[in-house]
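Please treat every number below as a calculation from the coordinates, not as lab data. Remember, predicted model here, so these are calculated numbers, not experimental data. Cβ coordinates were reconstructed from backbone atoms using ideal geometry, including for glycine residues, and neighbour counts include every protein chain displayed.
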Amino acid sequence: MTRRRRRGFGQLRRLPSKRWQAFYTGPDTHLHYASSTFSTSEDAEAWLADERRIISGGEWSSPRARAEVARVAEQRKQSRLFGAYANAWLESRHHLRASTRTSYSKAIRRHLVPAFGTTALSDVSPDMVREWFASYGTRTPTARAHAYQVLASIMAEAEADGLIIKNPCRIKAGRRARVSREPEVLTLAELLRLADEMPQRHRALTLLCGLAGLRYGEAVALRVRDVDLEAGHVRVVRTYLRENGKKVTGEPKTKESQRTVAIPSLVVTELRLHLERESVQDRDALIFSGRDGQLLSPTALYGRSARIERRRGTEYKKSGYGFYAARQAIGKPTLHWHDLRRTAATLGAQSGATVREMQSRLGHATPSMALHYQQATLERDQTIASALQKQIEQLQRKGGDRESKSADVGASGDSEDRQGRRRW
């Protein structure tokens with residue numbers, strides 16, 4: 001049952017829900033209702049009183065029109081908050097690969113929105129960014145660097161849009177994570193030993209990555225039609241990706257990653273043997289597939305390390321297999337598969353390749369990245385010098401052996417002088 005109250009301005013009606021409805025006839029001679037009902041008649045009265053003051057002030061517009069203006073203003077305000085702008089920024093990046101979009105989304109959701117989500121873009125200051133950056137301390141350096149990179153890109157876009165005066169991200173080297181471990185670079189002999197210790201079906205893959213410098217995803221995405229064994233080269237046109245928990249292939253990391261790489265004769269021979277052993281003939285077939293014929297996952301390649309398992313109170317010693325066992329066998333228990341790429345860069349540099357040549361071979365977008373991968377050459381300079389010295393000593397010993405087999409020397413003094421004389 002409803003009840004109306006007649007009054008000088010506007011009317012109130014009590015609804016069956018026990019709530020109050022307020023409405024009035026406006027200057028435009030139309031009825032205008034409050035956008036919501038009220039729990040008490042006093043609240044409804046107050047709304048009518050406010051409407052009457054607006055009409056008396058000569059600035060009246062319908063409640064619906066004013067509500068729309070307020071909605072748009074709130075929407076504009078929300079769009080200038082960091083959280084809303086960051087999500088819109090990500091949505092506008094249509095060119096991103098699925099894996100890159102996922103990593104950006106994670107950085108925004110886990111690291112940036114909790115810190116800046118409800119803050120207006122114009123209020124994000126350099127001090128605020130520095131305080132957030134320092135709050136991580138020494139934990140998760142890679143995640144922090146990636147999140148800072150995304151933050152800097154978002155704020156650069158806001159600056160370009162005229163929403164802020166200047167990008168507040170000004171931390172030097174903020175985009176780079178401190179290396180938690182020094183990458184290991186194998187010698188050529190160590191690389192060959194590693195390939196020998198790998199399962200036979202992964203031997204050619206090991207040599208391809210260690211000598212040609214292909215990324216793991218690029219190598220396992222190769223199909224038969226991408227390899228020309230007669231010419232001795234492979235074409236990199238796709239890479240392994242994970243999308244929504246599924247293994248798929250997509251475009252390589254960068255435009256420069258699409259390339260043709262020459263491979264040594266050893267790799268050609270191993271690839272030919274691999275194709276014969278695995279009976280891979282279809283030109284569209286994967287060269288390095290998993291047991292199920294699909295893309296080879298990293299876990300299948302790495303295998304497992306040696307371990308002790310306990311079953312019903314009894315301990316069983318389980319042998320390792322795969323890459324874990326192979327790296328242990330060559331005395332490199334902390335070796336990462338990606339270290340093979342740095343090994344390829346280092347071996348290439350030691351063979352006389354220029355930075356530009358290695359940039360093209362490894363598929364780097366900039367020479368600085370090629371230099372970064374070749375940095376191990378400098379770090380191992382003393383090792384190389386020591387190895388050269390050992391070779392010199394070996395030659396000295398061989399020279400001494402030849403000299404001892406020469407004609408007898410008449411005087412013992414001459415013999416001692418000749419034995420003591422340096423050959424180098």
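For Glu243, the residues 5 or more places off, or on other chains, whose built amide H falls under 5 Å of its own are Val248. Note that the stretch 167-174 has calculated 3J(HN,Hα) couplings of 4, x, 8, 10, 7, 5, 6, x Hz, one per residue in order, obtained from phi through the Karplus relation 6.51 cos²θ - 1.76 cosθ + 1.60 (θ = phi - 60°); glycine and proline are x. Counting other Cβ atoms within 10 Å, which GluC sites (Glu not before Pro) in the stretch 18-93 have at most 12 and lie in a DSSP loop? Here the sparse-neighbourhood loop sites are Glu59. Around the amide H of Leu12, modelled in the peptide plane, lie the amide H atoms of Arg5, all under 5 Å away and 5 or more residues distant in sequence or on another chain.
Please compute the net charge surrounding Gln149, taking Lys and Arg as +1 and Asp and Glu as -1 over other residues with Cβ under 12 Å from its Cβ. In short, +3. With a simple spin-label model that places each label point 7 Å from the Cα along the Cα-to-Cβ direction, the separation between Tyr33 and Thr334 comes to 7.2 nm. Per-residue extension of 0.36 nm, minus the Cα-Cα distance of Ser61 and Leu15, leaves a gain of 13.9 nm for this segment.
Let me check against my output: what whole-number percent is the relative contact order of the stretch 176-267, with C-alpha pairs under 8 Å and at least 6 apart? Spell out each step's value before the answer.
On the way: 100 pairs, mean separation 20.2, N = 92.
So the answer I get is 22 percent.
If you take the Cα centroid of the stretch 83-100 and the Cα centroid of the stretch 7-60, the two points sit 45 Å apart. Bridgeable lysines around Lys398 (alpha carbons under 30 Å apart, same-chain partners fewer than 8 residues away excluded): Lys390.
Using DSSP to define loop residues, name the chymotrypsin sites (Phe, Trp or Tyr not before Pro) in the stretch 121-193 whose beta-carbon has at most 15 other beta-carbon atoms within 10 Å. All intermediate terms of the calculation are to be shown ahead of the outcome.
Working: sites: Trp132, Phe133, Tyr136, Tyr148; in loops: Tyr136.
In loop regions of the stretch 121-193 (DSSP not H, G, I, E or B), the sparsely surrounded chymotrypsin sites (Phe, Trp or Tyr not before Pro) are Tyr136.
In nm, what is the difference between 0.36 nm times the number of residues separating Ser319 and Arg176 and their Cα-Cα distance? The span from Ser319 to Arg176 would gain 47.7 nm if fully extended.
Distance between the modelled labels on Leu188 and Leu96, one decimal in nanometres: 4.4 nm (7 Å Cα→Cβ projection).
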